[in-house]
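Chemist: Take this structure, written in structure tokens, and hold onto it; I'll ask about it next.
The values are calculated or read from the model by the stated rules, or taken from the named source; none is laboratory data. Owing to the predicted nature of the structure, the values given are computational and were not obtained by experimental measurement. For accessibility, only protein heavy atoms count, side chains too; no ligands or nucleic acids. Shrake-Rupley method; radii C 1.70, N 1.55, O 1.52, S 1.80 Å.
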Amino acid sequence: MVVDKFRLNGKVAIVTGSARGLGRGIAVGLAEAGADIAGVYNQTDPVQTQKEIESLGRKFIGISADLRSQKPVNGIVEKAVKRFGRIDILVNNAGIIRRRESIEFTEKDWDDVMNLNLKSLFVLCQAFARRVIQQGGGGKIINIASMLSFQGGILVPSYTASKSGVMGLTKLLANEWAQYDINVNAIAPGYMATDNTEPLRNDPKRSAELLGRIPMGKWGLPEDLKGAAVFFASDASSYVTGHTLAVDGGWLAR
Ligand code: NAD
């Protein structure tokens, strides 16, 4: 039955940025479908995520790491494997944004964003794929892209560069790793109500402009990503790879 293909029972997922926002929504969604979760976090403790996942009867391990550096990456995979014995799914969700006019943009705001949003994402994909190949193949990678994977945006040069890179890299890795039965896809959230968009939501003019342009007329919520995440993490999407799926209330259709 097709609904059975969406089940993730017995699967283990690493989710970065799992303590809040979209990462928490995705981690809980995967757990609702049956997966155990290795939740990577930075600064914010993932107590709420852990509580929600354990109340579903699933297991959770929190792994602290600052992913502006690539040094913690191998340790993340090792800790997840030590706790659960295997890994099947990787969600590269952790990401930051820095807003400033390009003419004044600093090297630090370029490097921090590119290091976390793109370089660590790539190195995590590598470490995940190496482990999955060692396990005999078969894995699912979900990268979190953005509307700015498709569009230019304004005032966020390193963010646009990183998220455009995420969409390109998703396609390249899909091509290279299909031979290992690793599907590599991305979700491009639209404008979602999280800390990432707080400055936009607090600016009445910008907020009204954005809402007026979203066909569904509302900000998205972390729960809105659960369906796409479970689809890409499960056998339901076994012949889908290299795709970036917009979950955007119609923004790109406009
Ligand atoms: P958020 O600010 O609530 O979450 C960001 C997450 O990244 C947090 O869990 C945080 O702990 C983690 N993080 C930040 N710095 C880190 C570091 N140095 N090392 C490790 N982890 C770190 O925002 P969000 O909206 O939940 O963002 C999640 C992802 O979704 C990001 O990749 C973001 O770019 C993307 N996204 C968000 C929106 C939106 O509208 N909110 C739209 C498109 C894409």
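Chemist: Going by amide H atoms built from the backbone, whose H comes under 5 Å of the H on residue 38, apart from near neighbours?
Modeler: Correct list: 13, 14, 15, 61.
Chemist: Ok, one more. For residue 188, what residues show an amide H to amide H distance below 5 Å, using hydrogens built from the backbone and excluding near sequence neighbours?
Modeler: 145, 245, 246, 247
Chemist: If contacts are Cα pairs under 8 angstrom and at least 6 residues apart, what is the relative contact order of segment 2-253 in percent?
Modeler: It rounds to 21 percent for segment 2-253.
Chemist: Still on this structure, please answer the following. Can you give the accessible area per residue of the chain, in Å², using a 1.4 Å probe?
Modeler: Value for the chain: 47 Å² per residue.
Chemist: Can you give me the % of accessible surface on the chain that is carbon or sulfur? Probe 1.4 Å, all protein chains present, nothing else counted.
Modeler: Roughly 51 percent, rounded to a whole number.
Chemist: Something else: Can you give the accessible area of residue 160, probe radius 1.4 Å, in Å² rounded to 10?
Modeler: The accessible area comes out at roughly 20 Å².
Chemist: To the nearest whole percent, what portion of all C-alpha pairs in the chain is separated by more than 32 angstrom? The partial results should precede the final answer.
Modeler: Numbers: 5258 of 32131 pairs.
Distances greater than 32 Å cover 16 percent of the Cα pairs.
Chemist: Can you give the relative contact order of segment 1-86 as a percent, counting alpha carbon pairs under 8 Å and 6+ residues apart?
Modeler: It comes to 26 percent, rounded to a whole number.
Chemist: In bins 10 Å wide, starting from 0, what share of all Cα pairs of segment 29-139 does each bin hold, as a percent?
Modeler: 13, 40, 32, 12, 4, 0
Chemist: Related question: Equivalent ellipsoid semi-axes for segment 91-170, as square roots of 5 times the alpha carbon gyration tensor eigenvalues: give them largest first, rounded to whole Å. Mind dumping the intermediate values first?
Modeler: Numbers: eigenvalues 159, 31, 11 Å².
For segment 91-170, the ellipsoid semi-axes come out as 28, 12, 7 Å.
Chemist: Which whole DSSP H helices in the chain pass both tests: a Cα extent of 20 Å or more along the axis and a mean Kyte-Doolittle value no lower than 0.5?
Modeler: Helices passing the filter in the chain: 121-135.
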